[in-house]
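Structure, as structure tokens:
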Amino acid sequence: MESGDFLSGIAQRAYGSLNRFTVIYDANRDVIGPNPGIIRIGQKLFIPCLNDAATQTSATANAEPSTDSLSATDAPIRVVTASGWQPFLDESDPQGGLLTEIIELALVNAEGGPDYEIDFINDIGAHLDPLITKQAYDVSIGQLQPACDAGSGLGEESTFLCDNFAFSDPMYEEIFGYYSAASDPEYRDHQELAGKTICRATDYTLVPIEAVNLGPSDVEIVRAPDEASCIDFVMAGDADVALVAVEIADARIKELNAQNSIQLHDDLSYIDFFHATVSNDNPRRDDILASVNSGLKSIKESGLWFQTVRRHMSEFRNSNG
């Protein structure tokens, strides 16, 4: 191995696909160790030829997966991820982004060592429904969990999620913030956002807005192509408020040199957790969640989780100056 090598880059050179890095990792676990995101200079890796089975499990962005054999109890756990949400999910990242690497590490270190596959399908809006509900895939990652115990107080999207899906233990926690023009008054209560236009990225959940009792009759939702662009919408006057992960918002504000033009409303900021999500109708639901949760526990206890988070966040901050 040479400086700058990653399994995904080696897979691209060997197989023409970043996503086939799992083939190389599976053949070299004893050499690489428990974290496929870290390979060291001087390591010698075996690059297996792709047999029919490996070819069948390869992923292509926006592919249409087959469901013919997914109901078998010994089938691999199929995970769907996506691009375009740095630093959390992104195919250009050597390990597919922070959350993609965390689910990879969790499954590698899960009790029983389950087989798994990870595919990139960039239509995030299709992940939960139909891909997870129809069990074309078993696991989606990066979902926020509603307060399902609230019962009848839930909004439409929150009710759908609570009725149809089960959630893993937290994969990662993030601070989310509401941002508006610096000339606006400082908002101290979510109800002060009534009548405002709130920007969320296309297909991103409205669970956080429903959780503070802001419904369709209270606010207008506008959609940006990605999360960072919601800051642009506020700058251009196309939205009053942006609801964005703080890491992403801060990077975009710095990139735009807009520190004096945009304000974060501290009293509205909150911490939420990203989860892996499985359909309630999946006959392997409990086993899959048990595997994911045992793996998450293992990598947190070993320190792998902290190393991975620190590396991704450090690289993201450095890339944004």
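So what's the net charge close to D240: Lys and Arg +1, Asp and Glu -1, counting the other residues with Cβ under 15 Å from its Cβ?
On the way: positive: K196, R200, R223; negative: D184, E186, E192, D218, E220, D232, D238.
Neighbourhood net charge equals -4.
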- Taking only Cα atoms, what is the 0 to 90° angle, nearest 10, from helix 285-302's long axis to the longest principal axis of the chain? 90 degrees
- Around R78: net Lys/Arg minus Asp/Glu count, Cβ-Cβ under 9 Å: -3
- Query: With all protein chains present, how much of the accessible area of segment 166-321 (probe radius 1.4 Å) comes from carbon and sulfur, to the nearest whole percent?
  - Reply: 46 percent
- Message: For K300, give me every one of the aspartates and glutamates with a C-alpha distance below 15 angstrom, ignoring sequence neighbours fewer than eight places off in its own chain.
- Response: E101, E104, E111, D169, E173
- Query: About the Cα centre of the chain, what is the dipole size in debye to 20, counting +1 per Lys and Arg Cβ and -1 per Asp and Glu Cβ, all else neutral?
  - Reply: 1040 debye
- Query: Hey, what number do you get for the chain at 222 nm if only DSSP H runs of n ≥ 4 count, each worth -39500 (n - 2.57), divided across all residues, to the nearest 500?
  - Reply: -9000 deg cm²/dmol
- Item | Per residue value of the accessible surface for segment 147-270 (all protein chains in place, 1.4 Å probe), Å² | 46 Å²
- Stokes-Einstein D for segment 272-318, Kirkwood Rh over Cα pairs, 20 °C, 1.002 mPa s (µm²/s): 171 µm²/s
- Item | Between helix 98-108 and the chain: long-axis angle, C-alpha atoms, 0 to 90°, nearest 10 | 40 degrees
- Message: Can you compute the radius of gyration and Dmax for segment 233-301, using only the Cα atoms, both in Å?
- Response: 18.9, 53
- Task: Sticking to Cα atoms, compute the Rg of the chain to one decimal and its Dmax as the biggest Cα-Cα distance, whole number, in Å.
- Result: 20.4, 62
- D281 and K300 label points (each 7 Å along its Cα→Cβ direction) are spaced in nm at 3.1 nm
- Note on the structure: The rounded separation in angstrom of the Cα centers of segment 278-300 and segment 101-161 is 10 Å
- Counting Lys and Arg as +1 and Asp and Glu as -1 over every other residue whose Cβ sits under 11 Å from the Cβ of Y137, the net charge comes to -1
- Note on the structure: Using the Kirkwood radius over Cα pairs of segment 168-308, the Stokes-Einstein translational diffusion coefficient at 25 °C and 0.890 mPa s, in µm²/s and rounded to a whole number, is 147 µm²/s
- For the chain, calculate the relative contact order in percent as a whole number, restricting contacts to Cα pairs under 8 Å that are 6 or more residues apart. 21 percent
- So, with points 7 Å from each Cα along the Cβ direction, the R317-I221 label distance in nm works out to 3.2 nm
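The values are calculated or read from the model by the stated rules, or taken from the named source; none is laboratory data. Keep in mind it's a predicted model, so treat the numbers as computed, not measured. Glycine also receives a Cβ, built like all others from the backbone with ideal geometry; neighbour counts cover every protein chain displayed. Quick note on the areas: whole protein, heavy atoms, side chains included, nothing else; ligands and nucleic acids left out. Shrake-Rupley method; radii C 1.70, N 1.55, O 1.52, S 1.80 Å.
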